[in-house]
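The values are calculated or read from the model by the stated rules, or taken from the named source; none is laboratory data. The structure displayed is predicted, hence computed values, not measured ones. Here the Cβ positions follow ideal geometry from the backbone for every residue, glycine too, while neighbour counts run over all protein chains shown.
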Amino acid sequence: MQNLRHAATEAFHRLGLKQRHLGYAELDEADKPQPHWFHTLQVRRLKVQRGRSNSDPMGGKSFDQEFQWKTGLQFGTANSYLNLEKLGEGTYATVYKGISRINGHLVALKVIRMKTEEGVPFTAMREASLLKGLKHANIVLLHDIIHTKESLTFVFEYVQTDLAQYMMEHPGGLHSYNVRIFMFQLLRGLSYIHSRRILHRDLKPQNLLISYLGELKLADFGLARSKSIPCQTYSSEVVTLWYRPPDVLLGSTDYSTALDIWGAGCVFIEMLQGTPAFPGEADIFEQLQKIWAVLGIPTEETWPGVNELPNFRPEWFLPCEPQQFRNVWKRLSQLPYKTEDLAQKMLTTVPRHRISAQDAMQHPYFNTLPPPVTQLRDTVSVFKVPGVRLETEVKDIFSPSRRIKPSQAGPLAKCW
C-alpha cells in the first residue's frame, strides 16, 4: 500500500499536481503552466456553489487524521459514521453530511435532540416506523438508526440537493421536460405510499430531494401518518401554509390522499412558473384569499358541506375588491392543454374531485416519456430507462452569471 501511494504521488507530481486530502490542487502556476482543460475544471469548481455537493467528502479535512477505516464496525453505533458538515437545522433536528466508516458511502445524518424528561419524540418514532417499511426509488432510503442517551440519529442515503435549491439555481421556471420528469417521479412516490395507506402531509420543494442524475425522492416523513389510524385523530395543523389545501385550512380533519395531491399540484405550478402558486404571507385568511383569487370563491352549491367545516367564517367568503380579485386561472391557457388539464385536476377545491396519484401518472401530459417508465419495479429509477435524462436548464449551474428575470422567461413565468 505504501509503495502504491508513493507511485501515485510521483505520477501526480509529473503531471504538475500535488496531493491535497482526497483531491488534488495545482503546483505554483507561475512555475508550471496547466493544460486548458484543467483551467476549465478549476473555474467551474471555484465559481459553482452547489448545496450538498459530494465533490469533497472530507470537506477539507485530513484523510489520514480524520478518517480511519476500522474493522468490526457495525450498524447502529455512533462511531460507525463521521460528521463532515452541517446541511441544515430545524426546531427538533439537525442534518449533517456524513460518511460511513463501514463502507465509505456518503450519508445524511438527521440528529434528533432528546429531552431527558420526554424521551424519544413521538414524531421521530412514527417517522422511523414508516420509513423502515418503504423501499422505493422515489423515497429516501433509511439505512440505519442510532439511539443514544442524548440523541436519536437517522442515517439516510445522501442526496445532493433538494427541489427548492434546484429551483433557486434555475430561476424563472424549469425546463418543461424536466418538470415532466420530476412530476412523474413525485406522483410515482405518492402512488406508492398511498397504496400503502400512508399520507405524507408535508409536501413542499424542501422535502423533495434531487440527486445529481435528477432522481426525485420524497423525504421528511415527520408529519406522515398511516390511514390505519382513525381519521378522527388527524390534525388540521399539517402541511406548510403555502401547500395546504383549502379543506384543511378550513379545519377539516377527515382528509385522505387528496391532501398530498394538492401539495403536489402546488409544486407542479411552482416548477412551471418559478414562484409559489399561493404565497400567503400572514395567516389562514390571506392564504384562502390567494386560493379564491385563482379558483374562485366556493359556495354550498359548488362545494356541498363547506359551511359545516370547523373554521368556516362567512367573512372569509366575501368577494375581494375588484382591483384585487381576478380569476387568474385563465392564465393557465398560456400553457399547453395537457399541462393545464393536469394542473386543474390536481388543484380542485373539493377534495373528492382531485385526481389520484395513480391516475395522474396515466395522464396524457406524460405521453412524451418513454412507455417503459410506467412498468418499472418499485426500486428501479426512471433514469434506468433509455432516453430519460434531464435537459439543460436555461440558467445552467456552470454559468452562474446567466441569470434571467421572470419577465424574460416567456409565458411560463406568468402562467399563474
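Hey, any hits in segment 289-299 for a residue that's under 18 Å from residue 262 (Cβ atoms), modelled with pLDDT under 85, part of a helix (DSSP H, G or I) and of a type in the set (Phe, Trp, Tyr)? Looking for residues that are under 18 Å from residue 262 (Cβ atoms), modelled with pLDDT under 85, part of a helix (DSSP H, G or I) and of a type in the set (Phe, Trp, Tyr), one finds none in segment 289-299, hence no. Residue count for segment 125-147 satisfying the condition of being in a helix (DSSP H, G or I) and crowded, with 19+ Cβ neighbours inside 10 Å: 3.
Quick check: anything in segment 121-134 closer than 28 Å to residue 202 by Cα, modelled with pLDDT of 80 or more and of a type in the set (S, T, N, Q)? The answer is yes, given that some residue of segment 121-134 is closer than 28 Å to residue 202 by Cα, modelled with pLDDT of 80 or more and of a type in the set (S, T, N, Q). Within segment 163-182, residues that are under 15 Å from residue 277 (Cα atoms) have Cβ atoms under 7 Å from residues that are surrounded by 17 or more Cβ atoms within 10 Å (Cβ to Cβ) and among the polar types (S, T, N, Q) in these pairs: 173/273, counting only partners at least 6 apart in sequence or on another chain.
Answer yes or no: is there a residue in segment 230-249 that is closer than 26 Å to residue 309 by Cβ, in a loop (DSSP other than H, G, I, E, B) and at pLDDT 90 or above.
To start, the set of residues in segment 230-249 that are closer than 26 Å to residue 309 by Cβ comprises 230-249.
Applying the additional criterion that residues be in a loop (DSSP other than H, G, I, E, B) yields 230, 234-240, 244-245.
Then keep just the ones that are at pLDDT 90 or above; that gives 244-245.
Yes; the residues of segment 230-249 include at least one that is closer than 26 Å to residue 309 by Cβ, in a loop (DSSP other than H, G, I, E, B) and at pLDDT 90 or above.
Considering only residues that are of a type in the set (D, E, K, R) and out of contact with any strand residue (DSSP E or B) (no Cβ under 7 Å at 6 or more places or on another chain), look in segment 155-196 and name the one that is farthest from residue 263 (Cα to Cα).
Going through segment 155-196, the residues of a type in the set (D, E, K, R) turn out to be 157, 162, 169, 180, 188, 196.
Filter once more, keeping what is out of contact with any strand residue (DSSP E or B) (no Cβ under 7 Å at 6 or more places or on another chain): 169, 180, 188, 196.
Values: 169: 22, 180: 16, 188: 14, 196: 19 Å.
Among those that are of a type in the set (D, E, K, R) and out of contact with any strand residue (DSSP E or B) (no Cβ under 7 Å at 6 or more places or on another chain), it is 169.
Taking residue 182 as the residue in question, decide whether it is over 30 Å from residue 356 (Cα atoms), surrounded by 22 or more Cβ atoms within 10 Å (Cβ to Cβ) and not acidic (Asp, Glu). Break it down stepwise before answering.
On the way: over 30 Å from residue 356 (Cα atoms): no; surrounded by 22 or more Cβ atoms within 10 Å (Cβ to Cβ): yes; not acidic (Asp, Glu): yes.
It is false that residue 182 is over 30 Å from residue 356 (Cα atoms), surrounded by 22 or more Cβ atoms within 10 Å (Cβ to Cβ) and not acidic (Asp, Glu).
Look at residue 384 and say whether it is modelled with pLDDT of 95 or more and among the charged types (D, E, K, R). Before the answer, list the steps.
Working: modelled with pLDDT of 95 or more: yes; among the charged types (D, E, K, R): yes.
Criteria met by residue 384.
Results for (1) exposed (fewer than 13 other Cβ atoms within 10 Å of the Cβ); (2) of a type outside the set (Gly, Ala, Ser); (3) farther than 27 Å from residue 184 by Cα, shown as yes or no for each residue.
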position: 268; (1), (2), (3): no, yes, no
position: 273; (1), (2), (3): no, yes, no
position: 285; (1), (2), (3): no, yes, yes
position: 291; (1), (2), (3): no, yes, no
position: 296; (1), (2), (3): no, no, yes
position: 308; (1), (2), (3): yes, yes, yes
position: 312; (1), (2), (3): no, yes, yes
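Here segment 188-221 is the region considered, the condition is being under 14 Å from the mean Cα position of the chain (by Cα) and either among the hydroxyl-bearing types (Ser, Thr, Tyr) or not assigned by TED's automatic domain parsing to the domain that holds residue 241 (or both), and the residue that is surrounded by the fewest Cβ atoms within 10 Å (Cβ to Cβ) is 212.
When residue 153 is tested against the conditions (1) assigned by TED's automatic domain parsing to the domain that holds residue 365; (2) crowded, with 18+ Cβ neighbours inside 10 Å; (3) of a type in the set (Ser, Thr, Tyr), the lone failure is (1). When segment 82-118 is filtered for residues that are in contact with a strand residue (DSSP E or B) (Cβ under 8 Å, 6 or more places away or on another chain), in a strand (DSSP E or B) and either assigned by TED's automatic domain parsing to the domain that holds residue 222 or not hydrophobic (A, V, I, L, M, F, W, C) (or both), the ones remaining, listed by number, are 83, 85, 86, 88, 89, 94, 96, 97, 98, 100, 110, 113. If you go through segment 366-389 and keep only what is in a helix (DSSP H, G or I) and in contact (Cβ under 8 Å) with a residue 60 or more places away in the chain, you end up with 366, 373, 382, 383.
Within segment 285-299, residues that are small (Gly, Ala, Ser) have Cβ atoms under 8 Å from residues that are assigned to a helix (DSSP H, G or I) in these pairs: 293/328; 296/329, counting only partners at least 6 apart in sequence or on another chain.
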